[in-house]
Structures are given as structure tokens and as C-alpha cells.
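For reference, the structure I am asking about is given below.
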Amino acid sequence: MLRPDVTAVEVSPFALGFRIRHRRFLLKRLQRSVAAAAKRLGMPRNQALGHPHIRRLFRQIAIPYEWRAAQAHRRAHGVPCYPVDSSRVSQRLLAHWPQLLSPANLTVLLTLPRDPDPSADHVYRQAACALQAGAVSAPPPSGAWPTIFWERETHLEVQIRAILRTFKPPHLVYLGGWEHLRIQEDPATLRGRLQDLQPRCLLLDGTVVGDGP
């Protein structure tokens, strides 16, 4: 529907290459850890595999949906796509994966409540409420996360402007998380940093959250 001339995707070259090169190893390691954790808890393996927290880990080590969608669009329509997230940030986050995928961590996750994944409709409503044009949204959560978040915002802006400067595409589409579309200043989110470009912001269900052309 958007008919982009170029697609930029919120995934880093490092994270993408890491998953492609090591996905079989990561999958086997996660499967072994699930089996070990289930055995510790006296839980059937299939029950452990169906736990929402475990399903989220399998999604985390997979090739991101946004990149798979952009690649499918490239093959169908010849539209180039580029990973534009920060490899430096990805390296820092992926450094925690050995602990994340360990039997000890999975044992803890399997004891947590089986909160189901929110429905797509719920996620879209939540995002739309947080992204109402003209509203000042709350900053990301406290702790170590903001430093990483703002570093990514700067990197994403630089990469998007580099694509625009190099290829001068009439229509660039950026695929990424809705948190970057919050309206906030000092420091500015990605949406705020690109306001001079008058970006049009859309959720995947078609909800318009920005007024750009």
C-alpha cells in the first residue's frame, strides 16, 4: 500500500548477521535449556515449550519479522531494504544471551504466571493512545534502558538521513517499534528528530498517529 522506493528496517547488521550465522546453535541451545529446566521442575517438555515466556524467547532468537517482511517485499517488487539499527547497542544486548538462554533462567521463567501475549488489537490500542498527535508522551522506563534507547535514537536518525542523502528516494518507509514514534523533547525521540521531514506515522493496523504528507 505504501509503495516505498527504499525500506529501512529497525534491526542492526550485527544482530541480523548473528542470528543468521548462529540460529541453529541458538535454537538447539534453547531447546536443551527448556528440556533441562522442565526436568528440574518435573514439568512435561511440551508444557514448558508452550509457556508464553518461552515462546517469546524463541521469537527473540528468530530473524525479526520486520526484516523478513522487507526481504519478501524486495523479492516481489525489487525495493532495496537496509538494516539501520545500532550494531554497538546490539552487541551489548546480545552479550546477555548466554544468561538469558541458560537452564537457570528458563527455570525461573517457567515458574512465572502464564500471562498470555496481548492480542494485536490490544497492542494497537495501547500504542495509539501513547502516540496521539500533539500529546507529550512519557519517557521510556527508568534504569539502564534510557541510555541505550537514546543512543539508538541518534544512530537511527543518522542512518535514515544517510539513506535519504545517498539515494534521494521519493518515498522511504521505516519499519520499527512504536516507542520511537513517541512525541518527546530533550532528548528527542526518532520522530522528533525527523520532524523537519514531516514523517507520516502509521501502525500496522492502519491507524494514523502522525500528520506528515
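Would you compute, from DSSP H runs of 4+ residues alone, the mean residue ellipticity of the chain at 222 nm, taking -39500 (n - 2.57) per run and dividing by the full residue count, rounded to the nearest 500?
Helices in the chain give a 222 nm mean residue ellipticity of -16500 deg cm²/dmol.
Would you work out what percent of the accessible area of the chain, with all protein chains in place, is carbon or sulfur (probe 1.4 Å)?
That share works out to 56 percent.
Kindly express, to the nearest 10 degrees and within the range 0 to 90, the angle between helix 120-130's C-alpha long axis and the longest C-alpha principal axis of the chain.
50 degrees
Would you kindly work out the equivalent ellipsoid of the chain from its C-alpha gyration tensor and give its semi-axes, the square roots of five times the eigenvalues, largest first in whole Å?
Equivalent ellipsoid of the chain: 33, 20, 17 Å, largest first.
The values are calculated or read from the model by the stated rules, or taken from the named source; none is laboratory data. Fair warning: this is a prediction, and the values are worked out from it, not measured in the lab. Note: accessible area is taken over every heavy atom of the protein model, side chains too, but ligands, DNA and RNA are not part of it. Shrake-Rupley method; radii C 1.70, N 1.55, O 1.52, S 1.80 Å.
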